Amino acid sequence: FPFLLFHIKQSSGINAEYGENEWVEILGNGSLKRKVTKQGTGENLVKGQLVKIKYSLMLSDGNVVDKDVEQVFQLGDGEVIAAIDLTANLAKVGELYEVMAQARFAYGTLGRPPKIGSNCGVLLVVEVIGAEDVPQIEDLSEEERMMIGDRKRKIGNDNFARFDYEAASTNYRGACSYLDPPSYKVVGEASEEMKDLQTKSWCNLALSELKQSKSDSGLTAINRALEIQPKSTKALYRKGKLLQEKGEYEEAEKCLKQALQLEPDNAGCKQFLKELTSAIIKSKQRQQRMYKKMFNLEDQKEATPTTEKEGATWLEGAIPMI
């Protein structure tokens, strides 16, 4: 590891002359370690701050994946991998530190194709460039809320693209909290641009929840999207998918019919409606067979006379007292 860390610092153009301190175990089990190589100034970073870093990342085989990447993120909000999120709050502005992390604090079993495979540990060199407090939502302008919310939405899209639906949901929720906060926190009607971002974020959250079979929370998200834009074909389609997941085929069919009234030539909606109609027919046929079977059994019971066993007494078959 020391050779690899020296290699990443040299290949990244980071000065490696600073004295090396001891590795500090963050969780006490060796899975996440941090070492300061250049001290920063001021107070430690605080959760919720907007932090700017420059980092380089390499794998244990010496392959440098990211080199001198600058990134802005909200600390402790799931916008970056845990190897950074869990170690940056121990840092100060101007600090340079190294991290050794197991895969679960980086890209886990999913990896980050094509450069990072499944279950790969990572080595990082992180430089904290700056940090600033983020004002309360009610103190932000609509433009500022849109900037923060859209950043979180795009991070969610990146998570979704690599099938990390849990992380995607976390960032979509974060986006919605800035784009569509409770009415008591904002004043005035949202602009059309804001409404578009709100709908996109709620729709994306609904889809990532569906991918995790969380249909109830997905429906909550998609219903909010439809409150904002009732004529959103995409939202109606996704609501249909969520209702299908819950087995509510007829309600799903209503959503698709409504979507096709808005966009009669939408091929995806047409195909989905066809599948739903077929599922409804099959469901009704199953119910009919089940009811028929039940009624036949009842008829057989009524037609079969009950006869007492010859020589039987009231004691036969009784359960003995113990």
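The values are calculated or read from the model by the stated rules, or taken from the named source; none is laboratory data. Quantities reported herein were computed from a predicted structural model and do not represent experimental measurements. We place every Cβ from the backbone using ideal geometry, glycine too, and count neighbours over all the protein chains shown. Ligands, DNA and RNA are excluded from the accessible area calculation, which covers all protein heavy atoms including side chains. Shrake-Rupley method; radii C 1.70, N 1.55, O 1.52, S 1.80 Å.
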Does Asn119 satisfy being in contact with a Leu (Cβ under 7 Å, 6 or more places away or on another chain), surrounded by fewer than 21 Cβ atoms within 10 Å (Cβ to Cβ) and either at pLDDT below 95 or farther than 12 Å from Arg34 by Cα (or both)?
-> no
Top-ranked residue in segment 82-99 [being surrounded by 21 or more Cβ atoms within 10 Å (Cβ to Cβ) and among the β-branched types (Val, Ile, Thr); ranked as farthest from Gln49 (Cα to Cα)] | Val99
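Matching residues to (1) over 25 Å from Glu189 (Cα atoms); (2) without any contact (Cβ under 8 Å) to a residue 12 or more places away in the chain; (3) touching an Asp or Glu at 6+ places or on another chain (Cβ under 7 Å):
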residue: Cys203; (1), (2), (3): no, no, no
residue: Ala206; (1), (2), (3): no, no, no
residue: Ala221; (1), (2), (3): no, no, yes
residue: Leu236; (1), (2), (3): no, no, no
residue: Lys241; (1), (2), (3): yes, no, no
What are the residues in segment 73-82 that are within 16 Å of Asp164 (Cα to Cα) and touching a strand residue (DSSP E or B) at 6+ places or on another chain (Cβ under 9 Å), if any?
-> Glu79, Val80, Ile81, Ala82
Does Leu242 count as touching a Ser or Thr at 6+ places or on another chain (Cβ under 7 Å), surrounded by 18 or more Cβ atoms within 10 Å (Cβ to Cβ), part of a helix (DSSP H, G or I) and of a type outside the set (Lys, Arg)?
-> yes
Taking Arg104 and the conditions (1) touching a residue at least 12 places away in the same chain (Cβ under 8 Å); (2) part of a loop (DSSP other than H, G, I, E, B); (3) open to solvent by 30 Å² or more (accessible area, probe 1.4 Å), which numbered condition does it fall short on, given that it satisfies the others?
-> (2)
Single unsatisfied condition, Ser232 versus (1) crowded, with 18+ Cβ neighbours inside 10 Å; (2) under 21 Å from Phe160 (Cα atoms); (3) out of contact with any Gly (no Cβ under 8 Å at 6 or more places or on another chain); (4) of a type in the set (Ser, Thr, Tyr) = (2)
If we scan segment 140-147, do we find a residue that is open to solvent by 30 Å² or more (accessible area, probe 1.4 Å), of a type in the set (A, V, I, L, M, F, W, C) and in a helix (DSSP H, G or I)?
-> yes
Here the residues within segment 168-221 that are of a type in the set (A, V, I, L, M) and assigned to a loop (DSSP other than H, G, I, E, B) are Val186, Val187, Ala190
Go through segment 38-92 residue by residue and tally those that are of a type outside the set (D, E, K, R) and part of a loop (DSSP other than H, G, I, E, B).
-> 19
Among the residues of segment 37-71, write down those that are without any contact (Cβ under 8 Å) to a residue 60 or more places away in the chain and either under 19 Å from Thr170 (Cα atoms) or within 20 Å of the chain's Cα centre (by Cα) (or both).
-> Lys47, Gln71
